[in-house]
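J.: Take this structure first; my questions come after.
The values are calculated or read from the model by the stated rules, or taken from the named source; none is laboratory data. This one's a predicted model, so the numbers in the text were calculated from it and none came from an experiment. No Cβ is skipped: glycine too gets one built from the backbone with ideal geometry, and neighbour counts run over all protein chains shown. What goes into the accessible areas is simple: the full protein's heavy atoms, side chains included, and nothing from ligands, DNA or RNA. Shrake-Rupley method; radii C 1.70, N 1.55, O 1.52, S 1.80 Å.
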Amino acid sequence: ISSTATDNVGGNTMKETLSNSNNSSNSSAMSLPLLVSGISGLTFAVPCGIFLDKKSSHVLLWLGMLIRTGVCCFLPWVTSKSLMAVCFALLGATLPMVGVSLRTFVVRLVKSDDTAIPGSRQERAEAQQLSAYLNLIMGAFGIGSFCSPLLNQELLTCYGSKLATRYVYWGLAATSLPVALSGFCVTAPRSFPSEIANVLDDQEGNQRPSQSDGLKGLRRAPLTIVAISLYLGLSVGAENILGVWLFTYATSAALHMEIPHPKFWASWLNTCFWFAFTFSRFALACFAKMIPGAVLLHVSHVCSIAVLAVVLLLPYSIPAIWSLSVGFGICCAVWFPNGMAFARSKLKLDLSGIVNSLFELSANGGNGIGPASAGWLEEAFGLKGIIWSALGFVLLMEAVLLTLLW
């Protein structure tokens, strides 16, 4: 929750911070730190996966949250675009530390005593169980996402932008620190998910997995892993286009429609987007087993395309904008966790640290490139550029999914 709140509140506070320092606060200025964050995540993703195939998942989680604590303490004092980019580069580097660690932790819980034959009924049941667990833990991510914009706007209203920025980031630092310190108290699962055929004994007589296990899956199905990684990256890009730019879109639309208190209205739309996203994740944790993964992904693509098309046709319609907030939020909730579960059944192998890191590599690319592309299109074509960017990402996702099924 703390990790996602930090990522989500950054885009909204960045514009206020740059504006207060008399710097350019237009879309291109905001795009630079977001893009740097994505590139930083790309750089650190694979090393994190290699590390996780050798060591406990809690070490990286602890380190990532500790770095986030320090950056959040420092961010309120940043007044230049260069320092802002450096801070977001550090936050981007912690994304694979936190994300890959958590997902690898869940995979190890599900598969700690696995003897299932690939493709068997037991293997498919375990994939469904993994889907439920991933929806649950990623639903927790959404709690921070839907609470942070509303809290941020309330603080801006009460204390002004300078004090609000300090309170928001210091609050995030205060919530990140206990998570970092908890790494000393909570035991990580000992079983490693890759093919548990080669188990070696260390000098102290404790069992540890072969360090080459995680690489075996890459050699078995490299093109499929690349395709699914691309799908997951596109899904994160589409999700974050609205996560970052919905507030800006709604504020501009509210000013055009002369809605009172446009920023307050926009913050509610942003919050409803993340509420729909979070609620859907928790609901999918209960009901995902009833619907085949591929069918669920196809339906979510079709629905999101329909929502985006309506907004393109009616850009200043209040019902259309609300359907964008709620409907697109529900569709976004489906993609990443159920895409990973689909990968389990498609790849017929365990999701090791290195495979999870490749998923994170693509996700971090989407996390930066998606919102950045929306910013560039918004500069060139106005508000519709944001929607066109999201639509392009969803269409590419459907094309990749059809290729995998074919």
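J.: Considering only protein heavy atoms, what per residue accessible area in square angstrom results for the stretch 266-356 with a 1.4 angstrom probe?
T.: Value for the stretch 266-356: 34 Å² per residue.
J.: Accessible area, 1.4 Å probe, largest first: how do C73, C87, C158 sort?
T.: C158, C73, C87
J.: 7 Å from Cα along Cα→Cβ at both W322 and Q129: what's the point-to-point distance in nm?
T.: 4.2 nm
J.: Suppose the chain between A399 and R166 were pulled fully straight at 0.36 nm per residue; how much longer would it get relative to their current alpha carbon spacing? The partial results should precede the final answer.
T.: Numbers: separation 233, 0.36 × 233 = 83.88 nm, distance 4.34 nm.
Length gained, A399 through R166: 79.5 nm.
J.: Ok, one more. So how many Å³ per residue does the convex hull of the Cα atoms of the stretch 47-107 work out to?
T.: On the way: hull volume 3.9 nm³, N = 61.
Hull volume normalised by residue count: 64 Å³.
J.: Also, I was wondering about something else. What whole-number volume per residue, in cubic angstrom, does the convex hull of the C-alpha atoms of the stretch 290-344 give? Please report the intermediate quantities before stating the final value.
T.: Working: hull volume 3.7 nm³, N = 55.
So the per-residue Cα hull volume is 68 Å³.
J.: Quick one: how many Å² of L230 are accessible to a 1.4 Å probe, rounded to 10?
T.: 90 Å²
J.: Can you list the HN-Hα couplings for the stretch 375-381, worked out from phi with the Karplus curve (6.51, -1.76, 1.60; θ = phi - 60°), rounded to whole Hz and with x for Gly and Pro?
T.: x, 5, 5, 5, 5, 7, 10
J.: Enter the accessible area of I330 (Å², nearest 10), with the probe set to 1.4 Å and all protein chains included.
T.: We get 80 Å² for I330.
J.: Can you give me the % of accessible surface on the stretch 298-371 that is carbon or sulfur? Probe 1.4 Å, all protein chains present, nothing else counted.
T.: Values: 1650 of 2030 Å².
Within the stretch 298-371, the accessible surface is 81 percent carbon and sulfur.
J.: Whenever you get a sec, line up S304, S182 from highest to lowest accessible area (probe 1.4 Å, protein heavy atoms). Please list the in-between numbers first.
T.: On the way: S304 0, S182 45 Å².
Output order, biggest surface exposure first: S182, S304.
J.: Could you calculate the FRET efficiency of T224 with L312 from 1/(1 + (r/R0)^6), where r is the beta carbon distance between them and R0 is 35 Å, rounded to 0.05?
T.: The pair T224/L312 has a calculated efficiency of 0.55.
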